[in-house]
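Contents: one structure, followed by commentary.
The values are calculated or read from the model by the stated rules, or taken from the named source; none is laboratory data. Just so it is clear, the model here is predicted, and its values are computed rather than measured. Using ideal geometry, Cβ is built from the backbone for each residue, glycine included, and neighbour counts are taken over all protein chains shown. These area figures cover heavy atoms from the full protein model, side chains too; ligands, DNA and RNA do not enter into them. Shrake-Rupley method; radii C 1.70, N 1.55, O 1.52, S 1.80 Å.
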Amino acid sequence: MTGRDADVVLAIETSCDETAAAVVSAGRDVLSSVVSSQVELHARYGGVVPEVAGRAHVERIVPVVEEALRAAGLDRSGLPLCRPGREATAGDGGSGIGAVAATVGPGLVGALLVGVSFAKSLAMAWGVPFVGVNHLEGHLFASLLEAPDTELPVVVLLVSGGHTLLVAMYGAGRYEVLGETVDDAAGEAFDKVARYLGLGYPGGPAVEAAAQAGDARAIALPRPMIGDGLDFSFSGLKTAVVHYVERHPEVPTADVAASFQAAAVDVLVRKALDAARVVGARGVCLAGGVAANGPLREALASACAGAGLAVFLPSRTMCTDNAAMIAAAGHYRLRTDGPTTLDAGASAGLRFPAA
Ligand code: KG4
Ligand code: ZN
């Protein structure tokens, strides 16, 4: 039997500079996950160029989706491959793609539209539902994919290039935004400081690498808004770095990078723990690209251990943008809200889904 199963979701993620596709069964079992990063295309500009991103998505979307289908044991129609002698795969249960999900925002609108249009076309051609997914909700589902038994409520610290959010998660779809940045996102601060220090792009990993040879106590930088509510501010920290380097050009770049990173990590960890206390959370989860930062992971783990809280640190591949998390969120949204209509658009500034 080669029917389709609504529990088997193909998802597409093109909100920024990763072209990604994944097949996930029952919102939990990742049958395939393919990510094509455009980092090398944007590196020469020192940041993501929206038009370059959109064009690259158009070029890469077909091979990326084909690879995700093939790796899940499915053909171009999203149905199980039935070739004699082929190694058995998870798709052999006889289930084909029963729904197509895509990120509909927030993100770069020209980039989003590529994935949304492609996903809708597949849904139409295959006669299966389309479901639009909020990218930020996808990042929350990334944590659940890797730790399905996480005891709730948890506080999720979602830190990426575009967002810095503290969210209480009481269950799938039951969230409360506790705090967010009032200016720059955490990843944006890493990217701007890296650019200022001439460390290259993307900035987060470059700052982390430079900081390894530096002294985090070399420069006393501010910890903006620490102990003052659950919102964040990072633009003042970046400005403090610039002012310090202007006055002390002789200071080693490694010390600046290490001191900046320590200040950012201190603020993120302290506010995550404050948030956990406010809502009586059982633990703290990290999500988003900045969650790949080693010192942040270590500091959060040790602070949580000290406070008797569980900590969940997703793998680096699950922290950064991927389509498996979009499939998991899409599976949930399809069951809860039903399909998204095929005349729905994409929204660059889509807000976090309120409970
Ligand atoms: O979630 P993501 O892949 O894309 C979105 O912004 O949605 O996050 C990318 C951000 C960039 O700002 C990048 O510099 C930052 O995550 N990042 C890091 C590290 N790896 C990536 N920041 C600090 N340390 C890292 N190791
Ligand atoms: Zn993201």
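Averaging the sequence gap over all C-alpha pairs within less than 8 Å and six or more residues apart, then dividing by the number of residues, gives the stretch 148-313 a relative contact order of 28 percent.
Given the DSSP H assignment, sum -39500 (n - 2.57) over each helix run of at least 4 residues in the chain and divide by its residue total; what's the result at 222 nm in deg cm²/dmol, nearest 500?
It comes out at -13500 deg cm²/dmol, rounded to the nearest 500.
Quick one: helix 109-126 against the long Cα principal axis of the chain, what's the angle to the nearest 10°, folded into 0 to 90? Helix 109-126 and the main axis of the chain meet at about 20 degrees.
Report the net charge of residues surrounding Y196, where surrounding means a beta-carbon distance below 15 angstrom and charges are Lys +1, Arg +1, Asp -1, Glu -1.
-1
For the stretch 270-355, the square roots a ≥ b ≥ c of the C-alpha gyration tensor eigenvalues yield an a/c of 1.5 or more together with a/b exceeding b/c, which makes the shape prolate.
Element breakdown for the stretch 148-313 at a 1.4 angstrom probe: carbon and sulfur atoms account for 52% of the accessible area. Based on alpha-carbon atoms, the Kirkwood radius and the radius of gyration of the chain give Rg/Rh equal to 1.00. Please report the base-10 log of the normalised intensity I(q)/I(0) for the stretch 148-313, using a Debye sum with one equal scatterer per alpha carbon and no solvent, at each q in 0.18, 0.19 (1/Å). Each listed q maps to, in turn, -1.04, -1.14. Heavy atoms of the protein chains alone define the surface here; on that basis the chain has 41 Å² accessible area per residue at 1.4 Å probe size. Tell me which trypsin sites (Lys or Arg not before Pro) from the stretch 303-355 have a DSSP coil assignment and no more than 15 other beta carbons within 10 Å of their own. Listed in order of number, the matching sites are R351. Sorted largest first by accessible area at a 1.4 angstrom probe radius, with every protein chain in place, the residues H243, H331 fall in the order H243, H331. Note on the stretch 217-263: Cα-only Rg and Dmax are 11.2, 36 Å.
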